[in-house]
Every structure is written in structure tokens, then in C-alpha cells.
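Student: Dropping a structure here in C-alpha cells format, bear with me for questions.
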Amino acid sequence: MSAPAELAAHPSAGDPAPQRSALIELQLANGRSLRFDPMLDTAALTRLIRVVEAA
């Protein structure tokens with residue numbers, strides 16, 4: 001069996017694909033959740049949580 005072309009093709013070293021980091025999901029009160037990049041600044045995340053919790 002041969003794999004379909006889109007599965008068989010491998011990106012070349014000279015053609016870097018944009019890398020997307022994994023997201024972290026944080027469960028908040030009242031069933032809310034936030035998904036954010038692990039590189040998000042701690043102060044910004046704290047402000048975001050406070051805003052969401054106050055809403």
C-alpha cells in the first residue's frame with residue numbers, strides 16, 4: 001500500500017513550516033476555561049484571569 005501524497009510528503013529542511021506551540025488549558029470557576037500559549041507573560045495571564053472572573 002502506498003500512502004496518499006499529502007501523508008507521504010515530508011517538509012524539507014530548507015522549507016521550515018511555522019511551528020505552533022501547544023496550548024495550556026486552565027479551568028476557571030463557573031465552567032469557564034482559558035486556553036493560552038505557555039509563553040504568555042505571567043502578569044498578562046493574571047490580568048486576563050481577573051478580567052474573566054469579574055465578568
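Read the figures in this text as sums done on the coordinates, not as results from a lab. As the structure is a prediction and not an experimental result, all values here were calculated from the model. Neighbour counts are summed over all protein chains in view; Cβ atoms, including those assigned to glycine, are modelled from backbone coordinates with ideal geometry.
Student: Pairs please, first residue from the stretch 22-37 and among the basic types (Lys, Arg), second anywhere and exposed (fewer than 10 other Cβ atoms within 10 Å of the Cβ) and part of a strand (DSSP E or B), Cβ atoms under 9 Å, 6+ apart in sequence or on different chains.
Tutor: From the stretch 22-37, the pairs are ARG35/GLU25.
Student: Another one. Looking only at the stretch 19-50, which residues are small (Gly, Ala, Ser) and surrounded by fewer than 10 Cβ atoms within 10 Å (Cβ to Cβ)?
Tutor: Within the stretch 19-50, the subset small (Gly, Ala, Ser) is 21-22, 29, 31, 33, 43-44.
Those that are small (Gly, Ala, Ser) and surrounded by fewer than 10 Cβ atoms within 10 Å (Cβ to Cβ): SER21, ALA22, ALA29, GLY31, SER33, ALA43.
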